[in-house]
Structures are given as C-alpha cells and as structure tokens.
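> My structure is below; once you've seen it, I'll send some questions.
The values are calculated or read from the model by the stated rules, or taken from the named source; none is laboratory data. Predicted, not measured: the structure shown is a model, and the values here were computed from it. Using ideal geometry, Cβ is built from the backbone for each residue, glycine included, and neighbour counts are taken over all protein chains shown. Calculation scope for accessible area: heavy atoms of the full protein, side chains included, ligands and nucleic acids excluded. Shrake-Rupley method; radii C 1.70, N 1.55, O 1.52, S 1.80 Å.
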Amino acid sequence: MASRDDEQRVQEAVRGHVRTRAFAEAEDVISAVLSDPGVREARDRVEAAETELGMELCARLQPFQDRYDQAVAAGDADGLAGLCAGKHGRWGRICVLPDGHETSMEEPHWGRNSEGRPIAWVGSAPDDW
C-alpha cells in the first residue's frame, strides 16, 4: 500500500510529464508553422522593413544608443532602469529609447540587432518568444 507522500509524488510526476509533453507538442507545431515558406517570406519582409526603418532613424536616435552603451560600460543601473522595456530578446534587440517613448514621441522601438545594425520595430515580445 502506497503512502500518501508516494501518491503525491506520483501525481506531481504525472503532471510534470503532461506539461513537458504539451510544451514539446506546442514547439513542434510552432516549428512547423515557422518553417512554412510563406511564413519565412513574410518574416524576411518584416525584418527588411525593420532594418530599413532602423537605418532611416539612425541619425536622430543614435545618441540614445550611445547613452545605452555608456550606461552598460559604466554599470549604471539607474540609467538602464529608465529605458523602455520593449525588447525582442531572441533576436538580440533591446530598445534604447526612454521608457514611455511610444506614446510621448510616437516612435517605434529602436536599437541594434544582434549583428549590430540599427533596427526599429513595433510592439514587444518576451525574451523567449
């Protein structure tokens, strides 16, 4: 006869397995959708537009990138805390504009991509999206 603790451990293990399996199935579906040629083409067009807009805004917004770079180099937590929370971490993007810029300046997010090129984007996604 199993003890109450054993029964609870089994139930927790089953829940963990079900959750892991659900995440794996969701990742499979997402991978299949993202590998579709039409989706890849759309993503490429969006990335090209974001890169073009980033370049267009570069002269005006580069001082924000410079301030960000200086704050990172100096370990200035207060300087970094005042930045926009908008990011697309999976693609190496961090918005370097001040918090609230989307409403006050009516600007998209702006920063550099993982290759160091200026990029602008609308909206935010979690780091692991």
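> Counting only heavy atoms of the protein chains, get the accessible area per residue of the chain (1.4 Å probe) and round it to a whole Å² value.
Each residue of the chain exposes 70 Å² on average to a 1.4 Å probe.
> Angle between the Cα long axis of helix 4-34 and the longest principal axis of the chain, 0 to 90 degrees, nearest 10?
Here the helix axis deviates by roughly 40 degrees.
> Extension gain ASP78-VAL29, at 0.36 nm per residue separation less the Cα-Cα distance, in nm?
13.5 nm
> Specify which labelled value, from (1) 52; (2) 62; (3) 49, agrees with percent of Cα pairs over 19 Å apart derived from the coordinates of the model shown.
From the options (1) 52; (2) 62; (3) 49, the structure gives (2).
> Shifting gears a bit: Mind listing P(r) for region 36-105? All alpha-carbon pairs, 5 Å bins, whole percents.
3, 14, 18, 26, 17, 10, 7, 4, 1
> On the protein heavy atoms, probe 1.4 angstrom, tell me the percent of accessible surface of the chain carried by carbon and sulfur.
55 percent
> Here's another thing I want to ask about it. What's the FRET efficiency of ARG19 with ARG117 using the Cβ-Cβ distance as r and R₀ = 35 Å, to the nearest 0.05?
0.35
> Can you tally the net charge around GLY116? Count Lys and Arg as +1, Asp and Glu as -1, for every other residue whose Cβ sits under 13 Å from the Cβ of GLY116.
Value of the local net charge: +1.
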